[in-house]
Amino acid sequence: MSVAYGIISHVTRRLMLLDTASLYFRAYFGVPESVRAPDGTPVNAVRGLLDFIARLVQDHRPDALVACMDADWRPQWRVDLIPSYKAHRVAEEHEEGADEEEVPDTLSPQVPVIEAVLDALGIARVGVAGYEADDVIGTFTARATGPVDIVTGDRDLYQLVDDGRGVRVLYPLKGVGTLQLTDEAVLREKYGVSGAGYVDLALLRGDPSDGLPGVPGIGEKTAAKLLDAFGDLAGIMAAVDDPHARLTPSQRKRLTEARPYVAVAPAVVRVASDVPLPEVDTALPATPRDPDALVALAERWGLGGSLTRLVTALAEGGEG
């Protein structure tokens, strides 16, 4: 079954979207570096990710699966709006002006291996120039007509949770065996907001890991209380101009001073939903697309049982 541009046909029951870099980072740090190829090259991220995907397919039985990639982990259009966006992650600036993300030395060589294995398996792999994986995930989710499982270790994607559309986030808590199935009830319990409200919460609170300053003095709990009282970010900023609104003097002052940030932050924090996706077959492959290439990769990199488990899980999923 071919599914183009992320639009899921009526026969497709569930789409699974992988925040691939988030998952292979977790695999890299969760699997010992002593897991190596025959030539001694570490393949812990490769094998860890393959085991993770096998477990996901086995446990959740998606009908379509996309490994979403960061074609641009720090898009210039976001940096133009908030220059501090992910600035601390920049390892060095090249003479050409391009930024390079700082990653562990033994991880970066494993990424092309991961990509080659996914391609040989026939698992759709999508990255779009000028966009992060989050944006690819946001666009696939917006275009889906069936339920969606987003697998990520990045809380930013909580903004896509939508019970009405069957969109939830599978958030790894420990390794690959323990996932938090994040729906709107979980978000309300933990943060006091729905999926749609998470963008406003995140930009008010800020996120040091992404270089988002937030509104000074407005932490997560205060942000949740303000959103509960005034509905959304627009309601909060309208309250700043209303002398009768129930804001403390310090809150009013801080929000007033943060107006320039608040004006641009939504466009940075909100994932895109209009990425020009390529035409891809997102159907879960029951058999490898290129068996010969897969055998060569398995031998070259010593992928052993990890790859066998994924191939088996795909075959069983495809038959289901």
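Observations
- Pairs of alpha carbons in the range 191-269 separated by more than 17 Å make up 37% of all such pairs.
- For the peptides 107-118, 228-239, residues were scored by their other Cβ atoms within 10 Å and the scores averaged per peptide; the highest-first order is 107-118, 228-239.
- The separation of the range 235-275 from the range 143-206, counted between C-alpha centres, amounts to 23 Å.
- Whichever lysines have a C-alpha closer than 24 Å to that of Lys174, once near sequence neighbours (fewer than 8 apart) are set aside: Lys190
- The chain - mean residue ellipticity at 222 nm from DSSP helices (-39,500 (n - 2.57) per run, n ≥ 4, rounded to 500): -13500 deg cm²/dmol
- Taking Lys and Arg as +1 and Asp and Glu as -1, the other residues whose beta-carbon sits under 15 Å from that of Val280 total -2.
- Anchor Lys253: lysines whose Cα lies under 19 Å away (excluding residues fewer than 8 positions away in-chain): Lys221, Lys225
- Computed lengthening from Arg300 to Val79, 0.36 nm per intervening residue step minus Cα-Cα distance: 75.6 nm
- Cβ-placed point charges (K, R +1; D, E -1), dipole of the chain about Cα centre in debye, nearest 20: 1240
- The convex hull of the Cα atoms of the chain, projected and averaged over all directions, covers 17.4 nm².
Read-outs: derived from the displayed coordinates by stated rules, not from any lab. The structure displayed is predicted, hence computed values, not measured ones. Counting neighbours? That spans all protein chains shown, and the Cβs are built from the backbone with ideal geometry, glycine included.
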